[in-house]
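Contents: one structure, followed by commentary.
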There are 2 protein chains.
Amino acid sequence: MTNTRQTMTPRRAPRGEYAKSRETREAILDAALEVFAEAGYRSGSLREIASRVGMSEAGVLHHFRNKVALLEAVLEHRDDNSRLLVPIESDDGAAVLRGLVQLAAHNASIPGVVELYCTLSAEGTSPDHPAHGYFVRRYEYTRANIERAFTALEADGRLRAGMTPRRGAVTMIAMMDGLQVQWLLDRSVVDMAQELRDLFSAFVDIDWDAQGSVASEEEGSA
Amino acid sequence: MTNTRQTMTPRRAPRGEYAKSRETREAILDAALEVFAEAGYRSGSLREIASRVGMSEAGVLHHFRNKVALLEAVLEHRDDNSRLLVPIESDDGAAVLRGLVQLAAHNASIPGVVELYCTLSAEGTSPDHPAHGYFVRRYEYTRANIERAFTALEADGRLRAGMTPRRGAVTMIAMMDGLQVQWLLDRSVVDMAQELRDLFSAFVDIDWDAQGSVASEEEGSA
DNA sequence: GTCTATATGGCGATAGAC
DNA sequence: GTCTATCGCCATATAGAC
């Protein structure tokens, strides 16, 4: 999705009434994330969100035109975050895969976000869901980029025989999604990052311990 | 779940008012499956279910005590079905894995059921969801049985080095779940059965084309 | 076995006071 | 920028007529 808006603002520390408003908005976004994660979008209520943030429904709707706008804001808000960890558009295929494993490890520390995407992506498979288009595009975009990462690895002769970039991409995404369900149902049963790494070691030859700071990669990508 | 009740009834063709009632019940179950699949349990309404089956809400509630009871009935109803295709408790490890691939192929012809489990298992990760316990038990049970299947294959020396029965089970289930999300979002993008088979060929040595009739297997299992 | 009527309560959204 | 009040709608569930 387009999130140039946020990134282009120099984000100087805001002051006065401006600051208050900004804080309130973020507090609402945090509460909305929790509620949508626990109950989904359709069953999550503005009333519950408002109550968690300590204000009235009307107060919340002053900051977000309606419930759909709030959902979109929540999704945009969290999207920036994954991109900080995964250099998804990088040409360094190994770095992309390492980033995904790191993302899985990081996700284990923020169950609320995992719950959010797990719940919403399932809900969003319905064509009439307000986030349906978002998820179709998101999966398409992610799949294309991971496929590109595998293609780069293939060119270096690091893809095992019998595996294709396309299948690698579909498999990697399916594993991330599927592991999350099992993890949410019983956290003691699965180490998401470990499972991911083990599986991908089976069909790609990567040095998992290469230094994985992402900031450096990001300069070179779009 | 306990579904001895149904199976123990000799199931002679019911007659008279009895037959009518039974048909109505099944019609309600079908409609409920659709609605819960499309909207989830929490957002799916008795009103919508009643309308699809052509009766009033009160009429539906005559057959099912309340909404939760209807959900449980839907889940029980569909569970018997997968077991017809997968000899999950069989000692023939290869037959179990073949069954799972066949199940994936079969599922592609009943998107409604795929949608149901995809939506409900995500919803059901919440501890307060009425189907939470069901899904915790279901995953636990399935994982244990698939692990057993892989253990049998390992004993025959057909598990590739580096793969463990435990990881095989977690991976297989994660792949099935994750592929379903991508498939529901865009059916042209993924062939679920093919992807599954390809992946598992990478870490287990199986003749996928062995005759896979399940009826014969089922006799031997519990 | 199915209906209508109704009780009870949660929901999203708006209007207007402060 | 936040509130109270209110509207209109939909939800589950029950009571009782037919």
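One table, with the values for the structure above:
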| item | result |
| --- | --- |
| Residues that are facing chain B (nearest Cβ under 7 Å) and polar (S, T, N, Q), drawn from region A:171-202 | A:T171, A:Q182 |
| Of all residues in region B:33-55 being in a loop (DSSP other than H, G, I, E, B) and near DNA strand D (Cβ under 8 Å from one of its atoms), the one that is nearest to B:L120 (Cα to Cα) | B:G44 |
| Single residue of B:E115, B:E89, B:E154 found to be over 21 Å from A:G168 (Cα atoms), in a helix (DSSP H, G or I) and more than 7 Å from every other protein chain (Cβ to nearest Cβ) | B:E154 |
| Residue pairs meeting the criteria (Cβ under 7 Å; at least 6 apart or on separate chains; first of a type in the set (D, E), in region A:23-45; second at pLDDT 95 or above) | A:E34/A:R52; A:E34/A:G112; A:E38/A:E115; A:E38/B:S126 |
| Flag for B:M176 being over 14 Å from the mean Cα position of the chain (by Cα) and touching a residue at least 40 places away in the same chain (Cβ under 8 Å) | no |
| Residue list for region B:50-86, restricted to those being touching a helix residue (DSSP H, G or I) at 6+ places or on another chain (Cβ under 9 Å) and charged (D, E, K, R) | B:R52, B:E57, B:K67, B:E72, B:E76, B:R78, B:D79, B:D80, B:R83 |
| Among the candidates B:R138, B:R148, residue that is surrounded by fewer than 20 Cβ atoms within 10 Å (Cβ to Cβ) and under 17 Å from the mean Cα position of the chain (by Cα) | B:R138 |
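Residue by residue, here is whether (1) in contact (Cβ under 8 Å) with a residue 12 or more places away in the chain; (2) over 17 Å from B:V190 (Cβ atoms); (3) within 12 Å of the chain's Cα centre (by Cα); (4) more than 9 Å from chain A (Cβ to nearest Cβ) holds:
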site	(1), (2), (3), (4)
B:L85	yes, yes, yes, yes
B:G99	yes, yes, no, yes
B:L120	yes, yes, yes, no
B:P127	no, yes, no, yes
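The values are calculated or read from the model by the stated rules, or taken from the named source; none is laboratory data. Bear in mind the structure is a predicted one, so any value in this text is a computation, not a measurement. So basically every Cβ, Gly included, is an ideal-geometry build from the backbone, and we count neighbours across all protein chains shown.
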